[in-house]
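Below you'll find the structure, written out as structure tokens, and then a few comments.
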Amino acid sequence: MTDVAKLDEFIISDLEYAAAHLPVNYTSHAIYSTNDVGRATKGSALMLLCKLYMRQHQWQKAVDATTSIMALKQYELYPSYAGLFAESNKWSSENIFSALSNNLLDATEMMNHFGPINNTEVTDRWQYFGIPWHFWNTFEKTDERREMFYYDYIGTDGLHYVQPPAGVTTPPKGFYYLSDVASKKYADPKGSTTYLDGHVFPILRYADALMSRAEALNELSGPNQESIELVNKVKARSKATLLGSAGTFTQASLREAILQERGWEFFFECKRREDLIRMGKYESVVNKYLSDVGKQPRINMAKHKYFPYPQAQVDLNSNLVNTDRQ
């Protein structure tokens with residue numbers, strides 16, 4: 001088996017080559033005559049490098065990668081968080097790399113899986129993937145990202161769909177208690193009404209570059225004004241309360257604030273697990289959540305840091321074993 005360091009070395013070499021040879025964009029490209037936004041660019045290679053360096057805790061290299069991304073002058077935050085995820089918004093200057101979709105040509109079922117049950121605007125959806133109320137309740141009421149959820153509505157059946165009060169399991173007549181809350185992120189009320197939809201899934205976006213830079217700078221030198229300003233730039237878009245001055249934080253408390261902000265900004269973008277592992281909090285945070293909701297804590301970093309090998313590969317290769325992985 002190849003160890004992680006060797007794999008990282010190979011990936012870094014690949015990404016450095018890509019960053020050196022990929023175009024900044026495809027406007028007036030010799031081969032692709034239009035701005036073919038779905039293709040990998042120099043910025044996407046640099047952002048993947050940044051993410052790898054963050055995982056390795058190579059903070060200065062992560063900062064250098066974000067410096068290079070910013071120097072490209074291709075990216076900026078989209079003015080509206082809700083607008084960023086609208087089904088009609090296929091690409092913007094915040095997108096570094098995304099999985100593109102079109103409801104007529106290469107559609108997805110994201111709206112089916114994320115959409116709310118019995119909703120009059122987004123009808124006939126399944127709510128397979130919902131946010132725990134435990135998390136939704138951490139949003140400030142002024143934070144516009146809080147409104148990216150179907151947390152209070154009258155259903156197609158005439159019932160009032162809401163969060164259950166603490167400790168109450170049986171709703172009064174006319175109410176329905178939601179076990180979790182569906183997101184509008186991939187269930188745009190102004191989007192498709194068909195079975196398949198055209199939502200775009202963001203893989204790398206500029207807000208992540210800003211937040212990664214803020215985190216790396218804090219890890220290098222503790223609380224600093226640039227980190228505060230970077231986080232506040234992301235917060236300000238959603239009208240969330242801004243962080244105070246650098247002098248009001250320790251390195252640990254700013255790290256915690258950055259982790260919390262990443263949760264609010266990147267929910268349902270497949271980043272939380274890697275964030276918690278990188279910051280050494282995966283076991284404690286997940287086990288606390290499991291305890292809070294009455295479930296048995298079961299995360300053990302010795303077994304859960306890496307995913308198990310696919311069983312089909314284990315069957316073919318006796319050198320692969322999952323006894324230390326779950």
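The values are calculated or read from the model by the stated rules, or taken from the named source; none is laboratory data. The shown structure was predicted, so the numbers you read here are calculated from the model rather than taken from an experiment. Here the Cβ positions follow ideal geometry from the backbone for every residue, glycine too, while neighbour counts run over all protein chains shown. For the accessible areas, the whole protein counts, side chains as well, though only heavy atoms, and no ligand, DNA or RNA atoms are used. Shrake-Rupley method; radii C 1.70, N 1.55, O 1.52, S 1.80 Å.
The angle between the Cα long axis of helix 42-56 and the main principal axis of the chain comes to about 80°, on a 0 to 90 degree scale. Backbone geometry of segment 152-166 corresponds, through the Karplus equation with coefficients 6.51, -1.76 and 1.60 at θ = phi - 60°, to 3J(HN,Hα) couplings of 7, 7, 8, x, 5, 8, x, 7, 9, 8, 8, 6, x, x, 4 Hz, x marking Gly and Pro. GNM remark for the chain: springs join alpha carbons under 10 Å apart, and the peak mean-square fluctuation among Phe149, Phe114, Phe307 falls on Phe307.
Close amide H contacts of Lys90 (hydrogens built in the peptide plane, cut-off under 5 Å, sequence separation of 5 or more or a different chain): none are found. Taking Lys and Arg as +1 and Asp and Glu as -1, the other residues whose beta-carbon sits under 15 Å from that of Asn322 total +1. For segment 204-245, the square roots a ≥ b ≥ c of the C-alpha gyration tensor eigenvalues yield an a/c of 1.5 or more together with a/b not exceeding b/c, which makes the shape oblate. Could you tell me which of the pairs Lys190/Lys281; Lys42/Lys141; Lys235/Lys281; Lys42/Lys190; Lys235/Lys305 are separated by over 27 angstrom between their Cα atoms in the structure shown? From Lys190/Lys281; Lys42/Lys141; Lys235/Lys281; Lys42/Lys190; Lys235/Lys305, over 27 Å: Lys190/Lys281; Lys42/Lys141; Lys42/Lys190; Lys235/Lys305. With a/c under 1.5 counting as rounded, go ahead and sort segment 109-174 into rounded, prolate or oblate using the C-alpha gyration tensor (a ≥ b ≥ c being the square roots of the eigenvalues; past the cut-off, prolate if a/b is larger than b/c, else oblate). It is oblate, given that a/c is not under 1.5 and a/b is not larger than b/c. Relative to its Kirkwood radius, the Cα radius of gyration of segment 37-121 gives an Rg/Rh of 1.08. Can you tell me how the chain classifies by the Cα gyration tensor, rounded, prolate or oblate, using a/c under 1.5 as the rounded cut? Here the chain falls in the rounded category.
Backbone amide hydrogens, once placed in the peptide plane, bring Phe149 within less than 5 Å of Lys184, excluding anything fewer than 5 places away on its chain.
Taking amide H as placed 1.01 Å from N in the peptide plane, Leu22 has no amide H partner under 5 Å among residues 5 or more places away or on another chain. Accessible area per residue for the chain is 52 Å², calculated with a 1.4 Å probe on protein heavy atoms, without ligands, DNA or RNA. Using only alpha-carbon positions in segment 196-321, the gyration tensor eigenvalues give semi-axes of 32, 19, 16 Å once each is multiplied by 5 and square-rooted (largest first). Here the accessible area of the chain is 56 percent carbon and sulfur, with a 1.4 angstrom probe and all protein chains present. By the helix-only formula, in which each DSSP H run with n ≥ 4 contributes -39500 (n - 2.57) and the sum is divided by residues, the chain has a 222 nm mean residue ellipticity of -12000 deg cm²/dmol.
Here the chain is assigned +1 on the Cβ of each Lys and Arg and -1 on the Cβ of each Asp and Glu. Its dipole about the Cα centre then comes out at about 460 debye.
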